[in-house]
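Some notes on the structure that comes next.
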Amino acid sequence: AAADGVVGGGRRGVVVAPSAIRPHAVPPGARTLADATPKDALFADKAQTAAYAAHRPTYPPELYATILEYLDGDGATSGASGGDGRRRTLCVDVGCGSGQATRVLAKHFERVLATDVSAAQVEAGAALGLDNVEWRVSPAESMPVDDGSVDVVASAQALHWFDLPKFYAECLRVLRPGGVIASWGYGLPVLEAPDAHAAVRRLHDITLDPWWAPERMHVVRHYRDLAPPADLFPDQTRVDEGIAVHRRMPVPALRGYLQSWSAHATWRRAHPDAPDVLDEVEEAVRRACGIAADDGETEVAISFPVFVMLARRP
């Protein structure tokens with residue numbers, strides 16, 4: 001085993017191939033990369049990966065403070081990077097995407113292992129050059145770490161893609177006593193201009209409705225139906241109010257965010273030669289906000305409600 005519980009001999013800041021993952025890290029019957037399902041391909045498109053990295057919202061400091069406060073509540077100490085003796089040695093960021101959350105988690109833990117089934121996303125994340133992060137192409141249900149070695153298993157806007165019985169069993173294996181599962185995400189965007197908001201909601205609820213994977217509805221419901229089994233993780237809490245991402249972005253950036261939606265990528269693959277459905281949305285937003293068609297600078301106000309679900313290993 002490598003230092004800090006990470007298995008496979010990987011080096012910092014580089015992508016480690018799936019062959020480096022120890023064989024017994026995959027629970028019996030678990031899905032492996034060789035069994036990749038169509039949902040794994042949702043984030044394989046490089047154009048969508050670029051849009052994801054450039055335009056997805058970053059989470060506010062209040063979210064990470066909430067997670068760390070819950071983690072520190074168990075009293076475990078090791079002189080780790082918390083700076084006050086609190087144990088913050090190893091975090092595994094599963095479904096890490098291109099590293100929006102990883103880069104923040106790296107500031108709070110001595111080591112972070114960032115994993116995703118999408119090689120394109122992992123490569124984009126590795127390009128961040130974070131010295132204390134290892135990047136692996138690996139499913140959340142099979143973490144290449146030692147038993148009882150992890151302080152936090154984190155997932156940002158990713159839990160709904162996992163095989164949950166296998167994922168929660170794997171969390172039970174890798175977390176140390178008192179370790180935490182932290183799963184969070186953000187709800188549907190709210191635009192300040194009512195007509196602009198209505199245009200984006202029509203895109204989400206009507207135009208792209210047939211193209212969303214079924215798992216998307218878990219996000220809309222703020223993961224209320226995805227809680228860990230209470231018999232395995234009796235200490236649980238969640239925050240649904242009081243944390244939000246507030247942004248102002250020019251219309252091209254808003255369009256880039258909408259382009260990062262998995263449903264848009266799926267629709268585009270099915271209609272490669274059709275006019276982009278985002279054209280109509282952009283026109284409606286510009287009209288609602290009084291922004292000219294050639295104006296790439298004027299910003300619109302948008303917010304994303306953030307939710308977080310926390311559970312502690314006994």
Enumerate the calculated ³J(HN,Hα) couplings along the stretch 151-166 in order (Karplus 6.51 cos²θ - 1.76 cosθ + 1.60, θ = phi - 60°), each rounded to whole Hz, writing x wherever the residue is Gly or Pro.
-> 7, 9, 9, 10, 9, 9, 6, 9, 4, 5, 8, 8, 7, 5, x, 6
Descending packing, highest mean Cβ count within 10 Å first, for 113-123, 254-264 is 113-123, 254-264
What is the dipole size for the stretch 111-207, taken about its Cα centre, with +1 at each Lys and Arg Cβ and -1 at each Asp and Glu Cβ, in debye to the nearest 20?
-> 140
Whole Å is fine, so just give me how far the alpha carbon centre of the stretch 199-253 lies from that of the stretch 279-314.
-> 15
With +1 on each Lys and Arg Cβ and -1 on each Asp and Glu Cβ, and nothing else charged, work out how big the dipole of the stretch 158-314 is about its Cα centre, in Debye to the nearest 20.
-> 800
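All of the numbers you see were taken from the coordinates with simple rules; none came from a lab. Because the structure is predicted, anything quoted here is derived from the model rather than measured. As a convention, Cβ positions derive from the backbone with ideal geometry for all residues, glycine included, and neighbour counts pool all protein chains shown.
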